[in-house]
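Novice: Before anything else, here's the structure in question.
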Protein chains: 4
Amino acid sequence: MTHVFPTRVYYEDTDAGGIVYHAHYLRFAERARNEMLRLAGFPHAAMVAQTGVALTVRHCEIDFRQPARLDDALEVVTRIADIGAATLDIEQDVRRAAGLAWGGVEATTGPAALVRIALRLACINAQGRPVRLPAALRSVLVNVQPAALRSARVNNLSKGQD
Amino acid sequence: MTHVFPTRVYYEDTDAGGIVYHAHYLRFAERARNEMLRLAGFPHAAMVAQTGVALTVRHCEIDFRQPARLDDALEVVTRIADIGAATLDIEQDVRRAAGLAWGGVEATTGPAALVRIALRLACINAQGRPVRLPAALRSVLVNVQPAALRSARVNNLSKGQD
Amino acid sequence: MTHVFPTRVYYEDTDAGGIVYHAHYLRFAERARNEMLRLAGFPHAAMVAQTGVALTVRHCEIDFRQPARLDDALEVVTRIADIGAATLDIEQDVRRAAGLAWGGVEATTGPAALVRIALRLACINAQGRPVRLPAALRSVLVNVQPAALRSARVNNLSKGQD
Amino acid sequence: MTHVFPTRVYYEDTDAGGIVYHAHYLRFAERARNEMLRLAGFPHAAMVAQTGVALTVRHCEIDFRQPARLDDALEVVTRIADIGAATLDIEQDVRRAAGLAWGGVEATTGPAALVRIALRLACINAQGRPVRLPAALRSVLVNVQPAALRSARVNNLSKGQD
């Protein structure tokens with residue numbers, strides 16, 4: 001199960017090399033995660049206001065394979081790779097658009113990734129300290145995980161492991 | 001006649017004051033102009049490749065009335081105020097979304113502007129020199145102008161005035 | 001009396017047109033105002049923490065005259081044009097560097113402006129409401145204003161006008 | 001041997017969480033690499049103009065340990081970890097400023113890293129194809145590498161390995 005978020009390359013995203021500035025793929029990726037959480041019922045600003053916790057990026061790895069250019073229609077494909085007690089591992093591919101509907105959820109593979117991003121997000125409270133994922137968020141995320149991984153993780157989580 | 005472009009406020013757009021960083025409204029505005037031109041058949045990268053000319057911002061004036069915040073759904077409403085020989089005057093309002101369809105063209109007024117932007121765009125060639133608007137672009141733009149202004153401007157343009 | 005802030009054009013600042021993306025001159029300008037206030041003893045984060053008030057951009061006008069390019073050494077020249085009860089009018093020129101010392105204060109004119117920016121800043125409290133400039137900040141700013149203007153404004157302010 | 005580049009956190013760098021937006025550490029890192037190459041005699045725009053080759057980011061890994069905040073004085077410490085035939089491996093730490101001189105080169109360790117970045121840069125030609133590092137650039141970079149690593153790599157390079 002993956003989430004697909006379409007976005008466009010505008011001048012603001014490009015640099016004098018004529019391609020998307022490397023750091024800006026992280027902006028595309030964050031937009032996609034934001035919309036995936038919104039679709040799951042967890043708009044981030046509201047989640048922070050209601051639960052006092054936020055998701056923050058702890059670690060990321062980015063593989064730049066092919067550049068995107070001005071006016072390219074792109075898609076960010078987001079997969080939840082793992083759900084820990086206080087962390088989320090996310091994999092995101094930025095690829096040229098395959099013409100899918102906005103905000104859709106589908107299982108196909110699509111075009112090759114231009115940029116591949118792996119992130120570990122951590123759940124933190126207002127003081128920046130790590131805290132457990134809110135139960136309501138966890139239960140939604142578990143439902144969008146692949147089935148095999150989901151059952152394994154639920155066992156782990158019931159034992160309090162991360 | 002106006003063009004309405006929806007966009008969302010993500011973390012990338014905000015600053016430590018908790019609101020959209022002032023310069024970023026210009027990014028929203030450029031996205032909207034890009035999509036308006038695309039809808040009119042002039043995607044900017046293709047226009048530069050085919051005609052050798054580009055539109056560049058020569059002057060802008062921005063009135064910041066109310067701040068937008070994280071997760072706000074916004075709309076940029078774009079109006080062509082005037083078409084010169086080598087320039088375009090554009091007015092753009094950034095407002096909270098009224099729930100219109102993506103990329104729609106409509107004539108209503110909607111919510112009050114959070115930010116109001118007036119720009120003069122100039123048409124330039126590859127050397128950065130001012131040149132006349134491509135005829136095909138002009139004819140499209142004239143058609144989306146208000147009728148009264150359009151007739152006046154056609155007269156002016158026929159006399160070669162700017 | 002002017003404040004001169006040097007900065008450099010990096011890839012992050014450019015776009016696919018090979019020049020500085022138009023909105024980014026506002027970033028350069030904000031860096032310069034931040035350093036001018038710091039030099040005057042008012043680092044912005046500390047000012048917000050201590051007085052509860054912040055400066056926010058209410059209006060700006062930008063004239064783009066010549067583009068800056070990758071690796072250009074630039075200077076932002078900042079002048080305080082007017083001091084109101086709750087507002088500051090600032091004029092800032094972005095120009096190629098004339099080789100002045102970092103953070104210096106000097107009175108010469110230097111090279112022609114690439115980009116000229118005029119801003120009105122407003123002083124606001126934590127709720128975003130307009131408030132009078134903190135007295136300590138005002139007294140510092142009055143001292144860096146041109147003498148003629150300064151005396152005129154002091155008279156006005158003593159009558160409570162803005 | 002390391003290169004130390006000071007920079008400051010401005011509003012443009014922060015987000016509504018009150019801290020530096022995660023992607024922007026890559027901007028700080030690129031500024032530092034740009035200034036390190038300039039100090040070595042290879043301003044990037046001039047290098048592209050003269051040799052037709054550019055350095056591009058192929059891969060990066062970022063570890064976010066502690067957040068930086070508005071008005072923080074930061075340093076980016078850059079080390080060349082490895083020099084291949086067509087690639088450079090770079091390690092960069094973003095840390096709070098230890099008060100070193102601008103653009104200085106020093107060997108001390110300083111405060112703990114807030115953010116640690118490891119990058120692989122690739123040398124590409126105007127068509128985006130991988131090419132060998134220009135000999136003049138390589139000879140400069142070898143001189144700023146740690147001695148032990150340098151001798152090993154020179155042997156490797158003489159055998160044409162990457």
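Novice: Between A:Leu39 and C:Ala112, what is the label-point separation in nm under the 7 Å Cα-to-beta-carbon projection?
Specialist: Distance between label points: 5.2 nm.
Novice: Which FRET efficiency value, to the nearest 0.05, do you get for D:Ala135 and C:Val142 by plugging their Cβ-Cβ distance into 1/(1 + (r/R0)^6) with R0 = 60 Å? Write down the numbers at each step before the final one.
Specialist: On the way: r = 59 Å, r/R0 = 0.98.
Plugging the Cβ-Cβ distance into 1/(1 + (r/R0)^6) gives 0.55.
Novice: To continue, here is another question. To the nearest 20 debye, what charge dipole does region B:11-137 have about its Cα centre, counting +1 at the Cβ of each Lys and Arg and -1 at the Cβ of each Asp and Glu? Intermediate results must be reported in sequence, preceding the final value.
Specialist: Values: 14 positive and 15 negative charges, 83 e Å.
Around 400 debye, computed over region B:11-137.
Novice: Not counting ligands, DNA or RNA, and with a 1.4 Å probe, what is C:Asp72's accessible surface area in Å² rounded to the nearest 10?
Specialist: 30 Å²
Novice: Here's a follow-up. For D:Arg120, A:Arg33, give the ranking by accessible area with the largest first, probe 1.4 Å.
Specialist: Details: D:Arg120 105, A:Arg33 20 Å².
The residues order as D:Arg120, A:Arg33, largest area first.
Novice: What figure in square angstrom, to the nearest 10, would you give for the accessible area of A:Ile80 with a 1.4 Å probe?
Specialist: Approximately 10 Å² for this residue.
Novice: Also, I was wondering about something else. On the accessible surface of region C:1-108, probed at 1.4 Å, how many percent belong to carbon and sulfur atoms?
Specialist: Values: 1960 of 3560 Å².
Answer for region C:1-108: carbon and sulfur cover 55 percent of the accessible area.
Novice: Averaged over peptide B:57-64, how many Cβ atoms belonging to another chain are found within 10 Å of each residue's Cβ?
Specialist: Working: counts 5, 5, 6, 7, 6, 8, 5, 7.
So the per-residue partner count for this stretch is 6.
Novice: Please give the average number of partner chain Cβ atoms lying within 10 Å of the Cβ of each residue in D:26-34, rounded to a whole number. Walk me through the intermediate numbers first.
Specialist: Numbers: counts 8, 8, 3, 1, 7, 5, 1, 2, 7.
Average neighbour count from other chains, rounded to a whole number: 5.
Novice: Another question, then. So for the pair B:Asp82, B:Ala49, with labels modelled 7 Å out along Cα→Cβ, what separation do we get in nm?
Specialist: Reported label-point gap for B:Asp82 and B:Ala49 is 3.5 nm.
Novice: In peptide A:70-79, what is the residue-averaged number of other protein chain Cβ atoms found within 10 Å of each Cβ?
Specialist: Working: counts 9, 10, 1, 0, 0, 0, 0, 0, 0, 0.
What the average comes to for A:70-79 is 2.
Novice: Now for a different question. Counting only protein chains, not ligands or nucleic acids, how are C:Arg58, C:Arg95, D:Arg116 ordered by accessible area (probe 1.4 Å), most first? Please report the intermediate quantities before stating the final value.
Specialist: Numbers: C:Arg58 75, C:Arg95 5, D:Arg116 100 Å².
Putting C:Arg58, C:Arg95, D:Arg116 in descending order of accessible area: D:Arg116, C:Arg58, C:Arg95.
Novice: Can you compute the charge dipole magnitude of region C:20-90 about its Cα centre, using +1 on each Lys and Arg Cβ and -1 on each Asp and Glu Cβ, nothing else charged? Give it in debye, rounded to the nearest 20. List each step's numbers first, then the result.
Specialist: Numbers: 8 positive and 9 negative charges, 30 e Å.
For region C:20-90, the charge dipole is close to 140 debye.
Novice: Right, next: Using the heavy atoms of the protein chains alone and a 1.4 angstrom probe, what is the accessible area of region A:1-137 per residue in square angstrom? Let's see the in-between values first.
Specialist: Values: 5090 Å² over 137 residues.
Ligands and nucleic acids excluded, the figure is 37 Å² per residue.
Novice: Would you tell me the accessible area of B:His3, worked out with a 1.4 angstrom probe on the heavy atoms of the protein chains, in Å² to the nearest 10?
Specialist: About 10 Å², rounded to the nearest 10.
Novice: Computed on protein heavy atoms with a 1.4 Å probe, what is the summed buried accessible area for the chain pair A and B, in Å² to the nearest 100? Walk me through the intermediate numbers first.
Specialist: Working: alone 8550 and 8570 Å², together 15380 Å².
Summing both sides, the interface buries roughly 1700 Å².
Novice: Still on this structure: Sort A:Arg38, C:Arg132, C:Arg31 by accessible area with a 1.4 Å probe, largest first.
Specialist: Output order, biggest surface exposure first: C:Arg132, A:Arg38, C:Arg31.
The values are calculated or read from the model by the stated rules, or taken from the named source; none is laboratory data. Quick caveat, the model's predicted, so the values are computed rather than measured. Ideal geometry is used to build each Cβ from the backbone, glycine not excepted, and the neighbour counts take in all protein chains shown. Heavy atoms of the whole protein, side chains included, go into the accessibility calculation; ligands, DNA and RNA do not. Shrake-Rupley method; radii C 1.70, N 1.55, O 1.52, S 1.80 Å.
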